[in-house]
Amino acid sequence: MPATVVVGSQWGDEGKGRVVDLLAADADLVVRYQGGNNAGHTVWIGEQKFAVHLIPTGILRGKLGLLGAGMVLDLETLIEEEAELSSRGIQVAGNIRISENAHLILQYHKLIEAEEEERRGKRAIGTTRRGIGPAYEDKAARRGIRMGDLRDGDTLADKLDAVVSYKNLLLKNVYKSPTVDPDRIYNDLRVMWDHFGEAVCDTSLIVRDALERGQKVLFEGAHGTMLDIDWGTYPYVTSSNPLAGEVSAGIGLSPKLIGRVVGTAKAYTTRVGAGPFPTEMEEEIAASMRDPGGEFGSTTGRARRIGWFDAMVVRKSARLNGMDSLAITHLDELGQFEEIPVCVGYRCDGEAVSEFPNQIEELARCEPVYEKVAGWRTDISEVTRFADLPEKAQGYVRRIEELVGAPVSHVLVGRQRGQDIVL
Ligand code: IMO
Ligand code: MG
């Protein structure tokens with residue numbers, strides 16, 4: 001299929017970076033459609049670790065990367081990411097295009113988010129504090145600054161004037177915190193335009209042309225379905241729609257042209273930030289997995305919360321995304337267990353629950369129902385064919401497939417390129 005979406009089916013960090021990197025080898029174009037630098041997609045090349053936040057992961061394969069209209073961009077981060085990649089031999093200049101419709105994350109977004117998280121106290125969402133939510137708020141409130149606004153100095157000054165005077169009122173009177181200087185923001189943005197201006201365009205046209213020429217386009221989802229603002233565990237979600245359907249609006253592409261949806265899921269579950277997490281494991285077991293699995297946020301460095309595989313979560317994701325197949329990652333991390341609990345359903349107030357609840361108050365009352373699947377107790381990180389996996393590891397994968405209702409297309413057994421099994 002020429003247009004493929006890779007989407008996270010849990011709470012982010014499913015290994016989308018690794019799966020995109022694998023599929024990007026065969027793609028012409030890799031495109032981000034939502035989110036911002038709250039994402040952290042990690043790829044190891046030999047002993048070198050690369051974590052990209054805004055630039056599509058395909059850049060590591062030398063593929064043209066598009067930053068789509070549905071994204072929110074912190075240009076300071078983008079310039080740092082570009083410099084970091086370039087210093088390590090990855091050519092970025094000339095290899096990215098940025099949608100003129102993408103919204104910008106500005107200094108006041110980060111300040112306001114920090115204030116709001118403090119103010120929420122024990123109801124804090126545990127955001128990445130990258131200004132994501134406030135930037136999407138401004139987009140919805142129709143006062144955002146978009147990439148295309150940087151093109152003309154007068155337009156930019158005019159728009160900034162209006163929005164900054166409003167933000168300063170808030171900062172001064174509501175949050176009692178220092179205000180921001182519109183001239184500084186203006187000048188910084190003009191410098192950014194000098195740097196990135198040539199890459200700014202209507203990226204939807206590039207996607208259209210590529211598909212018309214029969215090229216392969218890969219859409220790189222960020223975060224995960226459970227962090228989707230409409231379908232995730234609201235309000236403990238991000239402020240965009242990671243769902244595959246967002247490719248259409250976030251890129252400007254007919255939904256009829258999205259050919260294939262590959263869902264990614266860890267062989268267990270993790271989440272960073274607050275919110276209910278039915279299969280969260282005891283901290284003692286989680287601690288034993290955290291170091292070997294590298295279970296620390298690649299954006300914020302926070303220790304991830306870890307739980308058993310939850311089929312209720314991934315089944316809901318399979319339905320919402322229309323998953324054609326599932327890529328299971330980090331299977332090797334389960335090698336230490338004699339028996340592996342898999343959540344096959346929930347019970348709430350003594351009753352069986354058939355669908356993952358939309359309301360977190362209900363989710364918080366759900367008790368996971370576990371089935372114990374036999375563990376394989378061996379190192380599988382060198383296996384490259386499904387048939388060569390220990391029978392019990394095959395059994396684990398097949399059971400997930402059955403519970404989720406989507407065929408498994410990939411199994412990843414290590415962080416290095418090549419440590420993957422294609423079915
Ligand atoms: P990748 O693409 C894991 C989580 C944050 C927080 C919530 C809201 O690497 O899978 P935000 O800053 O987006 O307003 O925070 O969403 N979150 C992620 N968790 N992986 C991600 O991205 C995430 N992006 C956001 O931890 O709970
Ligand atoms: Mg991540």
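Just a few scattered comments:
- Gain in span if fully extended, Glu284 to Arg123, counting 0.36 nm per residue against the direct Cα distance: 55.4 nm
- The simple spin-label model puts a point 7 Å past each Cα toward its Cβ; for Val174 and Gln91 those points are separated by 4.7 nm.
- Low-density loop cleavage sites - trypsin sites (Lys or Arg not before Pro) in segment 140-202, where at most 15 other Cβ are within 10 Å (DSSP): Arg142, Arg143, Arg151, Lys176
- For the chain, calculated [θ]222 nm from helices alone, where every DSSP H run of n ≥ 4 adds -39500 (n - 2.57): -9500 deg cm²/dmol
- For segment 106-196, the solvent-accessible area works out to 57 Å² per residue, with a probe of 1.4 Å and every protein chain left in place.
- Summarised in one figure, the compactness ratio Rg/Rh of the chain, Cα atoms and Kirkwood Rh, is 0.97.
- Working note: Karplus 6.51/-1.76/1.60 with θ = phi - 60° gives segment 29-40 the couplings 8, 10, 10, 8, 10, 7, x, x, 8, 6, 7, x Hz, where Gly and Pro are set to x.
- Computed FRET value (nearest 0.05) for Arg213 with Ala249, which takes r as the C-beta separation and R₀ as 25 Å: 0.60
- With both residues required to sit in the chain, DSSP beta bridges show an antiparallel share near 40%.
- Normalised by the number of residues in the chain, the mean separation of alpha-carbon contacts (under 8 Å, six or more apart) gives a relative contact order of 20 percent.
- Ranked by the mean number of other Cβ atoms within 10 Å of their residues, highest first, the peptides 409-415, 349-355 fall in the order 409-415, 349-355.
- What the Cβ-Cβ distance of Leu423 and Arg319 gives, at R0 = 30 Å and to the nearest 0.05, is a FRET efficiency of 0.90.
- Computed 3J(HN,Hα) for segment 71-79, one whole-Hz value per residue from the Karplus formula 6.51 cos²θ - 1.76 cosθ + 1.60 where θ = phi - 60°, is 7, 10, 10, 9, 5, 5, 5, 4, 5, glycine and proline marked x.
- A simple spin-label model places the labels of Asp230 and Asp291 4.5 nm from each other, with each point 7 Å out along Cα-to-Cβ.
- Residue-normalised accessible area of segment 335-418, expressed per residue, 1.4 Å probe, Å²: 53
- Heavy-atom accessible surface of the chain: percent carbon and sulfur, 1.4 Å: 47
- Here the gap between Ala141 and Ala352, fully extended at 0.36 nm per residue and compared with their Cα-Cα distance, gives a gain of 71.9 nm.
- Contour excess over end-to-end distance, with Cα ends at Ala25 and Glu367 and 0.36 nm allotted per residue: 119.0 nm
- Straight-distance crosslink candidates among lysines, where the alpha carbon sits under 25 Å from Lys139 and sequence neighbours closer than 8 are dropped: Lys110, Lys159, Lys167, Lys172, Lys176
- Each Cα pair under 8 Å and six or more residues apart adds its sequence gap; the mean of these over the residue count of segment 106-196 is a relative contact order of 26 percent.
The values are calculated or read from the model by the stated rules, or taken from the named source; none is laboratory data. On a predicted model such as this, the values are computed, not experimentally measured, just so you know. Quick reminder, even Gly has a Cβ in these numbers, built from the backbone with ideal geometry, and neighbours come from all protein chains shown. These area figures cover heavy atoms from the full protein model, side chains too; ligands, DNA and RNA do not enter into them. Shrake-Rupley method; radii C 1.70, N 1.55, O 1.52, S 1.80 Å.
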